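Data first, discussion second: the structure below is written as structure tokens.
What follows is calculated from the coordinates using simple rules that are stated; it is not laboratory data. All values derive from a computational prediction rather than experimental measurement. Virtual Cβ from ideal backbone geometry, glycine too; neighbours counted across all protein chains shown.
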Ligand SMILES: *Cc1c(COP(=O)(O)O)cnc(C)c1O
């Protein structure tokens, strides 16, 4: 048997490697011309909405929440069907996390549940473009009418996708991206924040650069000397180096190609699943043009665990995305109880991600489908016996 097929994997070419090597031979390793250039390239995918790069997707969330002014006493409404960072990065700023359930087709934040969760203390409503499918942003905006909270899109899965023809990155007040190797493009570690309001983008940029103020017009002591810089509000060092921005620029050139290959693999999975009993494929809304990051199936009849174990034993690196965030002990210890978001919990109990990445060959995908078919049959033979 060959090695375990992963559920996600980067696609790195000799051109990517050459782009990185070029920067290593130059004068700038960290904040140099590649940073601005990558941010400008990213803005072409966000419909011109301004972008700041950061060191990873978790940092992007931390920066975005900080730019939204999240602090102690604030509430942040979050989808529980996500990686823990969507919630933990706001908790790290002292906010109280309020989980609102997902809707039962896309498993993205349910606008009705979000409307119920919003209070006068809500500072941010955070949706997640689960598996690459955009959340229903127009409905979420409506759910927030009367609140001065900001809408955040965790688009770690969805860069390159559109909603009613509008690009991801332009749909919420703040959008965060991750460039981790399994995501739609990679810079090894990396991320970015897009913000509709230039003043919010400026706050985001400043937070990711230790809070340093260098603009003479803004200095409290402008005559201190040419060396002088000031910190007015605390920030952290979340910069993405030039070396990695060069990799990101090179990767971004292939995002369209990555999207097309992911779509072709999704179409092949959809076709294969149509002939299989006991599993459901992901749904897609007519208004969405997703970049599928995951291929999340539902395994029915309480058989997810068994199918997961059988496929892993067959060398197929299936994954589960995600355990509802408030099941993590850190939230349980704060008093969050199971049962609060039943749609997310029911989805979690069935969910299984099949391998999906641009370099997955048709032959390897056939292996995945054969292993899934065998796992489902194995169970039914046992049940019949
Ligand atoms: C990957 C991911 C993150 C975090 O990104 P990192 O770059 O790994 O820190 C946040 N939210 C979601 C939904 C993710 O998938």
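Would you calculate, for the chain, the mean residue ellipticity at 222 nm contributed by helices, counting each DSSP H stretch of 4 or more residues as -39,500 (n - 2.57) and dividing by all residues, to the nearest 500?
Mean residue ellipticity at 222 nm (helix-derived): -11500 deg cm²/dmol.
Hey, if you drop one equal point scatterer on each alpha-carbon of the chain and run the Debye formula without solvent, what base-10 log of I(q)/I(0) do you get at q = 0.08, 0.13 Å⁻¹?
-0.43, -1.08
Calculate the spin-label point distance for residue 285 paired with residue 349, positioning each point 7 Å from the Cα along the beta-carbon direction, and give it in nanometres.
Once both label points are built, they end up 2.6 nm from each other.
Treating the angle as unsigned and between 0 and 90°, give the value, to the nearest 10°, between the Cα long axis of helix 14-25 and the longest Cα principal axis of the chain.
30
Compute the long axis of helix 57-67 from its Cα atoms, compare it with the longest principal axis of the Cα atoms of the chain, and write down the angle in degrees, 0 to 90, nearest 10.
50
Please report the orientation-averaged projected area of segment 255-384, defined via the convex hull of its C-alpha atoms, in nm².
9.9
Residue separation times 0.36 nm, minus the C-alpha to C-alpha distance between residue 374 and residue 12: what's the value?
127.1 nm
What distance in nm separates the two pseudo spin-label positions at residue 37 and residue 237, each 7 Å out from Cα along the beta-carbon direction?
Reported label-point gap for residue 37 and residue 237 is 2.4 nm.
In a Gaussian network model over the chain where Cα atoms closer than 10 Å are linked, find which of 229, 44, 351 has the largest mean-square fluctuation.
Highest fluctuation among the options: 229.
Stretched out fully, how many nm does the piece from residue 271 to residue 197 gain, at 0.36 nm a residue minus the Cα gap? Display every interim value, and only then the final one.
Details: separation 74, 0.36 × 74 = 26.64 nm, distance 4.27 nm.
Extra length from residue 271 to residue 197 when fully extended: 22.4 nm.
If r is the Cβ-Cβ distance from residue 257 to residue 28 and R0 is 35 Å, what FRET efficiency results, to the nearest 0.05?
0.80
Expressed as a rounded percentage, what relative contact order does the chain have, with Cα pairs under 8 Å and six or more residues apart?
So the answer I get is 22 percent.
With a cut-off of 19 Å, note down the residues of segment 302-328 whose backbone N falls inside the zone around a label point 7 Å from the Cα of residue 363 toward its beta carbon.
Residues 315-317 qualify, since their backbone N sits under 19 Å from the label point.
Springs between alpha-carbon pairs under 10 angstrom, Gaussian network model over the chain: which of 28, 227, 45 fluctuates most?
In the Gaussian network model the winner is 227.
When N is the residue count of segment 23-91, what does its C-alpha Rg come to as a fraction of 2.2 N^0.38 Å?
1.40
Can you give the Kirkwood hydrodynamic radius of segment 9-125 from its Cα pairs, in Å with one decimal?
Values: mean 1/r = 0.0591 Å⁻¹.
By the Kirkwood definition, the hydrodynamic radius is 16.9 Å.
Below 8 Å between Cα atoms, with a sequence gap of 6+, how large is the relative contact order for segment 245-385 in percent?
It comes to 28 percent, rounded to a whole number.
Based on the Cα gyration tensor of segment 315-385, what are the three equivalent ellipsoid semi-axes, each the root of five times an eigenvalue, rounded to whole Å and given largest first?
Details: eigenvalues 198, 70, 15 Å².
The three semi-axes for segment 315-385 are 31, 19, 9 Å.
Give me the log10 of I(q) over I(0) for segment 74-140 at q = 0.17, 0.19, 0.23 Å⁻¹, as the Debye formula computes it from C-alpha points; what are the numbers?
Log-scaled intensity ratios, in q order: -0.52, -0.65, -0.93.
Can you compute the modelled spin-label distance between residue 332 and residue 301, with each label point 7 Å from Cα toward Cβ, in nm?
It works out to 3.0 nm between the two label points.
Once the convex hull of the alpha carbons of segment 214-282 is built, what does its volume come to per residue, in cubic angstrom?
Hull volume normalised by residue count: 194 Å³.
Between Rg and the Kirkwood Rh of segment 1-59, both from Cα atoms, what is the Rg to Rh ratio?
Details: Rg = 15.5 Å, Rh = 14.4 Å.
That ratio equals 1.08.
I want to make sure I understand the PRE zone here: with the label point 7 angstrom from the Cα of residue 104 toward its beta carbon, which residues in segment 116-136 have backbone N atoms less than 19 Å away?
Only 116, 136 fall inside the zone, counting backbone N under 19 Å.
Report the antiparallel proportion of the DSSP beta bridges in the chain as a percent, rounded to a multiple of 5.
Approximately 60 percent, going by the DSSP bridge assignments.
Rounding to the nearest 10 and keeping the result within 0 to 90°, find how far the Cα-based axis of helix 255-274 lies from the longest principal axis of the chain.
It works out to around 20 degrees.
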